[in-house]
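*Asks:* Attaching a single structure in structure tokens format; questions to follow.
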Amino acid sequence: MSDRSSATGSRAAGPTGAGATPPAAQPQRFAFSATVIGEVDAGVMLVLIDNPPVNAASASVRTGLLAAIGRAAADPDVVAVVLSGTGKTFVGGADIREFNLPPEPPLLPEVVAAIEDCAKPIVAALNGVALGGGLEIALACHARLAAPGAKLGLPEVKLGLVPGAGGTQRLPRLVGVAAAIDLIGSGRIVDAGTAERLGIVDRIVASDLVGAATATVRALVGTVPRRTSDLPVAADDPAEIDAAAAKVLARSRGQQAPAEAVRLVRAAADVPFADAVADERATFLALRNSDEAAALRHVFFAERAAAKVYGLDDVAALPVATIGIVGLGLMGSGIAVAALDGGFAVVGVETSAAAAEAGRARIAGLLDKSVASGRSSAADRDARLARLTISDGLAALAGIDLVIEAVFDDLDVKTRLFQSLQGVVRPNAVLATNTSYLDPDRIAAAVDRPERVVGLHFFSPANVMRLAEIVRCAKTAPTVLATAISVARAMGKLPIVCGVTEGFIGNRVFSAYRRAGEFLIEDGASPYEVDAAIEAFGLAMGPFAVSDLAGLEIAWALRKRQAATRDASERYVDIADRLCEAGRFGQRSGKGWYAYVDGKRQPDPEVLMIVAAARAAKGVASRPVAAEEIVERLIAAMADEGRMLVAAGIAARSGDIDLVMINGYGFPAHKGGPMFIAGRAQEAAPPH
Ligand code: T1G
């Protein structure tokens, strides 16, 4: 279908003049708007949404859909409608870019009502992704057919919202209250098979989806259309509903939208549809202006901006099928599982047969845990293990496409390894280092072709944490960088490109955050007040609990190495040194900033005495420090460091800093990140 002559549903021009087929025999074509086209063939109007890249339900789409339904309803030659999308998306949701603007009519609820209330049957042919408002449009249709690759969901809570066009009321009428609470409260996206099993989709059609939808809608002509809003809500087991609600609320601590979604879906069981939809709309509009929604919209667009890497526009990644991993300790085994999860074949190498076997056991253990938790099946696990080869010699890496070293973080060890590897792997195999603190340029300098070296910095546990810092070394070739990004993405990671500096982005910002925490305890707060304040804000653990978990000795060794060159004019808090000198190295040693009894962390009066002595030694007159000041100073410290990283070109943009802290350090996404918060504080600050 090609011709789209105007925005008012006029007929598209067809061939005319002597000898041409009389127009009536040709399908009638319409352009209902710039993004919605229609074609009537033998009484069925096929309406196509054509708004690349994701067929977002923009004002143009809403206008076009309303015009199309109006035309179909009024045209005596039209008996039924099939609604579908072009490309790989049915409708990717409301147009998020409109959320910062005044609502532009027609609003989506009006379009959805027009579809459902149409006297002629309308069948949705879900050709691809149907999310948010896209699924709400489909739910208002009188039947839904889906292609096998379709994906469906109401992920509004991931944007700090609730569905705003009937989703909280129509979905439970198809799948029940408990399942709807789970789907809407979590924002989970399901595949076509699950959608069919739940009752969202009536049928999956492997080929000629539009043809099947046309036949389906023809069969509905003359019958009373099945209006979803008229369907009764199945009486689910209250215990099942409560369990689904409790699971959603437990996972969304501190967030508004999921709780509101649960409330609205529960209401479907006993509040009249019209009243419940009005409540849903009011709740959606209120949430749309919330800080939580602004923060999550920021994160949504920041993730897409992070995918745009300077200098890689026309650079293709190298093909990677097999990944070598040298070092199968805690990090290496986690990386191996992430690679197996990503569909790669993995060759894991250790220094001895015993160490190799221990590595295999660690990997198998992680895969078993995934099966035990229900995150994957025994068949998935076996398929992953079938792609794993373990060896105690580097020769096993001869055929790999990319190798990641996850050996002890020592420069000599890593450079010697890379020198050995270059003699084993293929000339165009990528050499990636997982180093956290070493200078990858110095590692690259050890090999003949430094352009093949890149940093691939994972976060522990590497099979769980979503963040991967892709370190662009001074000589990393664009193809190599593109390959590392592609591999990280295939592993399900969020790749964030950074330049070379000690600690890259995450550990640099985390060090500044931890330093600010130490300043706060020297000023008068206790470590426990600092942790409690930032945990109440939304981080899973405060800086002192995290330091105990990681162990204090590595940072202590770093500080001792830096002592000789430390800038004397810079404030330095030595309380952590005092703890280490007292043998308090953190959780593994049974005591650090906390005491650990039966694995549980407890405040320790001995630490408070060490803190008081350190203050006294410096003549610091301590003062009470309120939780608000603690949170404000910790976030400001992260933002200040982030600004320096962007200014230095280590990070490409401030959104990348937020993504690193959210996906690597547990910063709550619904708060947007330190840069987002600092930016809004700046906006709100009175002009000088
Ligand atoms: N609105 C506007 N732009 C969008 C968009 C949307 N809904 N979704 C994606 N984009 C842009 C994105 O910014 C990027 O732009 C480009 O499209 C490709 O995106 C009323 C209120 C659909 C699965 O939450 O999950 O409906 O960077 O790289 O990997 O109740 O996009 O190229 O300039 O992600 O193929 C609910 C959000 C909205 C779905 C496609 N919907 N989108 O993934 O492409 S709220 C969502 C996605 C709502 C109603 C409520 C994904 C995708 P640029 P991409 P992709």
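*Asks:* Sticking with the crude label model, points 7 Å out along Cα→Cβ, report the distance from Leu411 to Ala119 in nm, one decimal please.
*Replies:* 8.3 nm
*Asks:* Ok, one more. Can you tell me the Rg and Dmax of segment 506-649, counting just the alpha carbons, in angstroms?
*Replies:* 14.8, 46
*Asks:* Heads up, I need the accessible area for Thr351: 1.4 angstrom probe, whole protein in place, Å², nearest 10.
*Replies:* Accessible area of Thr351: about 120 Å².
*Asks:* Moving to a separate point now. Can you give me the pair-distance distribution of the chain, C-alpha pairs, 20 Å bins, whole percents?
*Replies:* Result, from short to long distances: 16, 41, 33, 9, 1, 0 percent.
*Asks:* If you stretched the chain out fully between Ala647 and Glu628, how much longer would it get, using 0.36 nm times the residue separation minus the C-alpha to C-alpha distance? Let's see the in-between values first.
*Replies:* Values: separation 19, 0.36 × 19 = 6.84 nm, distance 2.82 nm.
This chain segment gains 4.0 nm when fully extended.
*Asks:* Oh, and also: From the phi angles alone, apply the Karplus equation (6.51, -1.76, 1.60; θ = phi - 60°) to segment 444-457 and give each ³J(HN,Hα) in whole Hz, x where the residue is Gly or Pro.
*Replies:* With coefficients 6.51, -1.76 and 1.60, one gets 4, 5, 7, 10, 4, 10, x, 5, 8, 9, 8, x, 10, 9 Hz.
*Asks:* A further question follows. Probe radius 1.4 Å, ligands and nucleic acids left out: which of Val480, Val315 has the largest accessible area, and how do the rest follow? Before the final figure, lay out each step's value.
*Replies:* Details: Val480 10, Val315 45 Å².
Order by accessible area, largest first: Val315, Val480.
*Asks:* On to the next question. Do any of Lys88/Lys493; Lys151/Lys247; Lys158/Lys493 go past 21 Å between their Cα atoms, and which? Kindly include the intermediate steps, with their values, before the conclusion.
*Replies:* Values: Lys88/Lys493 23 Å; Lys151/Lys247 23 Å; Lys158/Lys493 18 Å.
Long pairs (Cα-Cα over 21 Å): Lys88/Lys493; Lys151/Lys247.
*Asks:* Another question about this same structure. Using alpha carbons only, how many angstrom separate the centre of segment 340-412 from the centre of segment 462-515?
*Replies:* 21 Å
*Asks:* Please list 3J(HN,Hα) in residue order for segment 354-368, calculated via the Karplus relation 6.51 cos²θ - 1.76 cosθ + 1.60 where θ = phi - 60°; whole Hz, with x for glycine and proline.
*Replies:* 5, 5, 5, 5, 5, x, 4, 4, 5, 5, 4, x, 5, 5, 4
*Asks:* Once ligands and nucleic acids are excluded and a 1.4 Å probe is used, how much of Arg653 is accessible, expressed in Å² to the nearest 10?
*Replies:* 70 Å²
*Asks:* Working with all protein chains in place, sort Lys308, Lys493, Lys120 by solvent-accessible area computed with a 1.4 Å probe, largest first.
*Replies:* Numbers: Lys308 135, Lys493 15, Lys120 40 Å².
My answer, sorted largest first, is Lys308, Lys120, Lys493.
*Asks:* Follow-up. So with the 1.4 Å probe, I'd like the accessible area per residue for the chain, rounded to whole Å². Could you put the intermediate results ahead of the total?
*Replies:* Details: 28830 Å² over 688 residues.
Computed with neighbouring chains in place, this is 42 Å² per residue.
*Asks:* Right, another one. Please find the FRET efficiency linking Asn289 to Arg489, where r is the Cβ-Cβ separation and R0 is fixed at 41 Å, and quote it to the nearest 0.05.
*Replies:* Values: r = 33 Å, r/R0 = 0.81.
The value I calculate is 0.80.
*Asks:* For segment 550-611 and segment 241-309, what is the separation of their C-alpha centers, rounded to whole Å?
*Replies:* 41 Å
*Asks:* For the chain, what does -39500 (n - 2.57) per DSSP helix run (n ≥ 4), summed and divided by total residues, give at 222 nm, in deg cm²/dmol to the nearest 500?
*Replies:* Details: 26 runs with 312 residues, N = 688.
Theoretical 222 nm ellipticity from helices: -14000 deg cm²/dmol.
*Asks:* Sticking with this structure for a sec: For the chain, find the longest principal axis of its Cα atoms and tell me its angle to the long axis of helix 674-684, 0 to 90°, nearest 10.
*Replies:* 70 degrees
*Asks:* Spin-label point model (7 Å from Cα, Cβ direction): what's the Ala353 to Ala386 distance in nm?
*Replies:* 2.7 nm
*Asks:* Quick one: 3J(HN,Hα) in Hz for segment 500-511, Karplus 6.51/-1.76/1.60 with θ = phi - 60°, rounded, Gly and Pro as x.
*Replies:* 8, 7, 4, x, 6, 8, x, 6, 5, 5, 5, 4
*Asks:* Ok, one more. Enter the mean projected area of the convex hull around the alpha-carbon atoms of segment 28-288, in nm², rounded to one decimal. Write down the numbers at each step before the final one.
*Replies:* Values: hull surface 50.8 nm².
Spelled out: convex hull of the Cα atoms, projected over all directions, averaged, 12.7 nm².
*Asks:* Let me know the charge dipole size of segment 366-473 about its Cα centre in debye, to the nearest 20, where only the beta-carbon of Lys, Arg (+1) and Asp, Glu (-1) is charged. Walk me through the intermediate numbers first.
*Replies:* Working: 13 positive and 14 negative charges, 69 e Å.
Taking the Cα centre of segment 366-473 as origin, the dipole is about 340 debye.
*Asks:* Between Ser460 and Arg203, take the C-beta separation as r, use R0 = 60 Å, and let me know the FRET efficiency to the nearest 0.05. Intermediate values should be presented prior to the final figure.
*Replies:* Working: r = 45 Å, r/R0 = 0.75.
The computed FRET efficiency comes out at 0.85.
*Asks:* Suppose every K and R has +1 on its Cβ and every D and E has -1 on its Cβ; what is the size of the dipole of the chain about the Cα centre, in Debye to the nearest 20?
*Replies:* On the way: 69 positive and 76 negative charges, 156 e Å.
For this selection, approximately 740 debye.
*Asks:* Taking amide H atoms as placed 1.01 Å from N in the peptide plane, list the residues 5 or more away in sequence, or in a different chain, whose amide H sits under 5 Å from that of Val497.
*Replies:* Residues meeting the amide H criterion: Ile470.
*Asks:* What does the extension gain come out to for Asp41 and Asp230, with contour length at 0.36 nm per residue minus their alpha carbon separation?
*Replies:* Values: separation 189, 0.36 × 189 = 68.04 nm, distance 3.01 nm.
Stretched out fully, the Asp41 to Asp230 stretch lengthens by 65.0 nm.
*Asks:* With the crude spin-label approximation of a point 7 Å out along Cα→Cβ, what separation in nm comes out for Met609 versus Glu240?
*Replies:* For Met609 paired with Glu240, the spin-label model returns 5.9 nm.
*Asks:* While we're looking at this one, here's another question. What's the FRET efficiency of Asp191 with Ala361 using the Cβ-Cβ distance as r and R₀ = 51 Å, to the nearest 0.05?
*Replies:* Values: r = 33 Å, r/R0 = 0.65.
Step by step, r from the Cβ atoms, then E = 0.95.
*Asks:* Excluding residues fewer than 8 places away in the same chain, name every one of the aspartates and glutamates whose C-alpha is closer than 14 Å to that of Lys671.
*Replies:* Asp291, Glu292, Glu535, Glu632, Asp658
*Asks:* Let me ask another. What does the extension gain come out to for Ala215 and Leu330, with contour length at 0.36 nm per residue minus their alpha carbon separation? All intermediate terms of the calculation are to be shown ahead of the outcome.
*Replies:* Values: separation 115, 0.36 × 115 = 41.40 nm, distance 5.64 nm.
Between Ala215 and Leu330, full extension yields an extra 35.8 nm.
*Asks:* To continue, here is another question. Return the carbon/sulfur percentage of the accessible area of segment 28-288, one whole number, probe 1.4 Å, all protein chains in place. Please report the intermediate quantities before stating the final value.
*Replies:* Working: 5700 of 9630 Å².
Answer for segment 28-288: carbon and sulfur cover 59 percent of the accessible area.
*Asks:* Hey, another quick one. If you fit an axis through the alpha-carbon atoms of helix 553-563 and take the longest principal axis of the Cα set of the chain, what angle between them do you get, 0 to 90°, nearest 10?
*Replies:* That works out to roughly 60 degrees.
*Asks:* Please list the non-local residues whose amide H lies under 5 Å from the amide H of Ala80, H modeled 1.01 Å from N, same-chain partners needing a gap of 5 or more.
*Replies:* Met45
*Asks:* In the full protein assembly as shown, how much of Asp567 is accessible to a 1.4 Å probe, in Å² to the nearest 10?
*Replies:* Ignoring ligands and nucleic acids, Asp567 comes out at about 70 Å².
*Asks:* Find which of Pro461, Ile443, Gly492 sits farthest along the positive direction of the dipole of segment 322-498, computed with +1 on the beta-carbon of Lys and Arg, -1 on that of Asp and Glu, about the Cα centre.
*Replies:* Among Pro461, Ile443, Gly492, the one farthest towards the positive end of the dipole of segment 322-498 is Gly492.
*Asks:* I've got another one for you. Please identify every one of the GluC sites (Glu not before Pro) in segment 497-582 that sits in a loop by DSSP and has no more than 10 other beta carbons within 10 Å of its own beta carbon.
*Replies:* Sparse-neighbourhood loop GluC sites (Glu not before Pro): Glu570.
The values are calculated or read from the model by the stated rules, or taken from the named source; none is laboratory data. Because the structure is a prediction, the values reported are computed rather than measured. Don't worry about glycine lacking a Cβ; one is built from the backbone with ideal geometry, like all the others, and counts go over all protein chains shown. These area figures cover heavy atoms from the full protein model, side chains too; ligands, DNA and RNA do not enter into them. Shrake-Rupley method; radii C 1.70, N 1.55, O 1.52, S 1.80 Å.
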